[in-house]
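Structure, as structure tokens:
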Amino acid sequence: MEGKRAQEFIYNKSVELGFFDLADHIKNVGALKIQLSQMDFVSHLAKIIVGQQLSVQSAAAIWKRTKLILEKNKYKKINVNLNNSFKKAGLSRQKIEYLNGIIFNQDLLKAKKTELIKLSREEYYDLLISIKGIGPWSIEMSRIFFIGDPDIFSILDLGLKNAHKKMFPQEPYNQDFYKEFSPYRSYICLYMWRVLEDENVTI
């Protein structure tokens, strides 16, 4: 089981580096599993857009309403009525614009997980970065929770930054610091989110 191997690796690395608080945290939490999205690619990306710059709780509430709208969506192009529904669900004008750019994107609608998994990280990045509203953080979340890439650390994630300050107040927050946890950096993300008690992080 990958989660068990990741736990053992990160625990041992924490002890080796003298990060005993992290080691204790990992021991207490136990093995974790990346909860892969069961949604289609467009819905998955839409959920990421909805959750940008929101707390876990707020994102979940707004996504619940937005998901219902998407499931009932019969429009073939951007529509005022659809936009009004998104607005009532709690989405900002900017996020509505981003959402429209995703849900009506024919390339994304045709994308299959089996094909996306075969792409290199660079190819995957290039596929998404040109889409308005999809930036590095969104791509990294997608790599973790849609592709299941075990070795992604999202340095731009505010939750991880706050968890780092709490767990490693004297250590710099950068990619070099977390390189020590490769090839299981996605799992160190899961453990760091747990520091903030965001136990149900999934996208």
Would you kindly state how much longer the chain becomes between D21 and D126 on full extension, computed as 0.36 nm times their sequence separation minus their alpha carbon distance, in nm to one decimal? 34.0 nm
Segment R65-S182, length gained on full extension (0.36 nm per residue, minus Cα span): 38.4 nm
Could you work out Rg/(2.2 N^0.38 Å) for the chain, with Rg from alpha carbons only? 1.09
Straight-line reach only, C-alpha to C-alpha below 15 angstrom: list the aspartates and glutamates that K166 could link to, leaving out same-chain residues fewer than 8 apart. D21, D24, D157, E197, D198
May I ask for the distance between the Cα centers of segment 111-158 and segment 28-81, given as a whole number of Å? 15 Å
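Place the peptides 169-176, 43-50 in order of packing, highest mean first, counting for every residue the other Cβ atoms within 10 Å and averaging per peptide.
Result, highest mean Cβ count within 10 Å first: 43-50, 169-176.
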Mean Cβ neighbour count within 10 Å, used as a protection proxy, ranking 59-69, 142-152 highest first: 142-152, 59-69
How tilted is helix 158-167 with respect to the longest principal axis of the chain? Cα atoms for both, answer in degrees (0 to 90, nearest 10). 20 degrees
If the cut-off is a Cα-Cα distance under 22 Å, which lysines reach K112, setting aside same-chain residues fewer than 8 apart in sequence? K47, K67, K72, K74, K76, K77, K132
Does anyone have the angle between helix 93-103 and the longest principal axis of the chain? Alpha-carbon axes, 0 to 90°, nearest 10? 90 degrees
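In segment 92-131, what trypsin sites (Lys or Arg not before Pro) fall in a loop by DSSP, with at most 13 other Cβ atoms inside 10 Å?
Hits after loop and neighbour filter: K112, K118.
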Between Q53 and N84, how high is the FRET efficiency from 1/(1 + (r/R0)^6) when r is the Cβ-Cβ distance and R₀ = 25 Å? Nearest 0.05. 0.65
To make sure I understand the rule: partners must be lysines, Cα under 18 Å from the Cα of K118, and not fewer than 8 residues away in the same chain. Which ones qualify? K110
Can you tell me the length gained on complete extension of the stretch K110 to M1, counting 0.36 nm per residue apart and subtracting the Cα distance? 36.1 nm
When ranked by the protection proxy of mean other Cβ atoms within 10 Å per residue, highest first, what sequence do the peptides 182-191, 26-35 form? 182-191, 26-35
Could you work out how far helix 56-72 tilts from the main Cα principal axis of the chain, as a 0 to 90 degree angle to the nearest 10? 30 degrees
All other residues with a Cβ under 11 Å from the Cβ of G148 taken together, and with Lys, Arg as +1 and Asp, Glu as -1, what is their net charge? 0
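Read-outs throughout are calculated quantities, based only on the coordinates presented, and are distinct from any laboratory measurement. Keep in mind that this is a model prediction, so the values were computed, not measured. Glycine also receives a Cβ, built like all others from the backbone with ideal geometry; neighbour counts cover every protein chain displayed.
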